[in-house]
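The values are calculated or read from the model by the stated rules, or taken from the named source; none is laboratory data. Predicted, not measured: the structure shown is a model, and the values here were computed from it. Using ideal geometry, Cβ is built from the backbone for each residue, glycine included, and neighbour counts are taken over all protein chains shown.
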Amino acid sequence: MTRGRDDNTAYVITTEPTIDAARDVLEQVLASDRADTPAVAQRRELAAQLPQPTRVPQLRPRCQIPDWWNTLRDDTVAEANQAADELETMETAKATRAATRQNAAEAAKAAAAVLKPYADLYDHAASRAAAAKQELAAATQNLDEHRLIGRRPAKERLATATEGHKFAEQHLATAAAEMAPYRNEAGRTARRVNELRHDHRRTDLLDDYSYLPERYDTAIRQLDALETWRDWANGKTIDPEHATQAVNAMDAVDHGPNATAFNALANAIRTHTPELIRRPEPPTRTIEHNWPDLGIDL
């Protein structure tokens, strides 16, 4: 299609070299082609087909953020960091104490293992000494009973029993001397284990009463509450669950230099958006009646 000053010329390609075929093709083109539509109109239509950008609603602040909010947050961050450092120190010390107890227990176990063969030898020697003592007592009584007849065999038995008792006592003394250093070491390591358990139990009890984990968790909840309060003050949408958690966390600060500031922030949420605060459901009470048995069927 060419546009001239005096006339416009349309060139078409047909399968038949006739005017009628060319006219039919031109009519179809004019009926379906939009080339004659002005460019401005086409751009307008194309622009209407493009997806329109989503409008971001402008936030409307609910209240002004006080100047001391940043100071309050800095204090809370410092409290959380301090609690985290003290908690880490406490956990490290607790792990060190546990390792010390473990090492002491292993040392006591090793000392007991070294002592065992010597203790077995001593027990065997003690049993033989006890048996030799009984034999000596029996031989002595037998000699007393044979004052006239059979005295020589009784004397020989007594001499053998005396010699056996002497040998057994010497063997027992030797076993006791060999066992003594290992028994002392086993006793020392066992006492060390008991001492560590006693001392560490007291220290662990003091750590439990330090409430460092609760202190750290409280500081983290307060930080979350401050961030939630800032979003709320800037006009952001806050769901009731997070708003209630923030108010509860700030209300829990009932002492200290920042208690008044936290309570003021919690009161701001309650005052401006009371619908966000969830009231705790009252506990359900079940009343049971224990009527006395009067023996009457109703």
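Here are the numbers for this structure:
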| quantity | calculated |
| --- | --- |
| Residue in the range 68-87 that is of a type in the set (Lys, Arg) and farther than 30 Å from residue 266 by Cβ present | no |
| Residue selected from the range 162-209 under the condition among the small types (Gly, Ala, Ser) and surrounded by 13 or more Cβ atoms within 10 Å (Cβ to Cβ), by the criterion farthest from the chain's Cα centre (by Cα) | 164 |
| Residue identified as surrounded by fewer than 17 Cβ atoms within 10 Å (Cβ to Cβ) and within 55 Å of the chain's Cα centre (by Cα) among 144, 123 | 123 |
| Residue list for the range 73-87, filter: without any contact (Cβ under 8 Å) to a residue 40 or more places away in the chain and not charged (D, E, K, R) | 78, 81, 82 |
| Counted residues, the range 227-248 - those being out of contact with any helix residue (DSSP H, G or I) (no Cβ under 6 Å at 6 or more places or on another chain) and exposed (fewer than 14 other Cβ atoms within 10 Å of the Cβ) | 6 |
| Neighbours by Cβ (under 6 Å, 6+ apart or cross-chain): first from the range 183-195, without any contact (Cβ under 8 Å) to a residue 40 or more places away in the chain and within 11 Å of residue 105 (Cβ to Cβ); second part of a helix (DSSP H, G or I) and among the aromatic types (Phe, Trp, Tyr) | none |
| Residue 193 β-branched (Val, Ile, Thr), in a helix (DSSP H, G or I) and either closer than 24 Å to residue 84 by Cα or at pLDDT below 90 (or both) | no |
| Some residue of the range 155-176 being closer than 30 Å to residue 195 by Cβ and out of contact with any strand residue (DSSP E or B) (no Cβ under 7 Å at 6 or more places or on another chain) | yes |
| Which numbered condition residue 59 fails, given (1) modelled with pLDDT under 85; (2) exposed (fewer than 11 other Cβ atoms within 10 Å of the Cβ); (3) within 30 Å of residue 264 (Cα to Cα) | (2) |
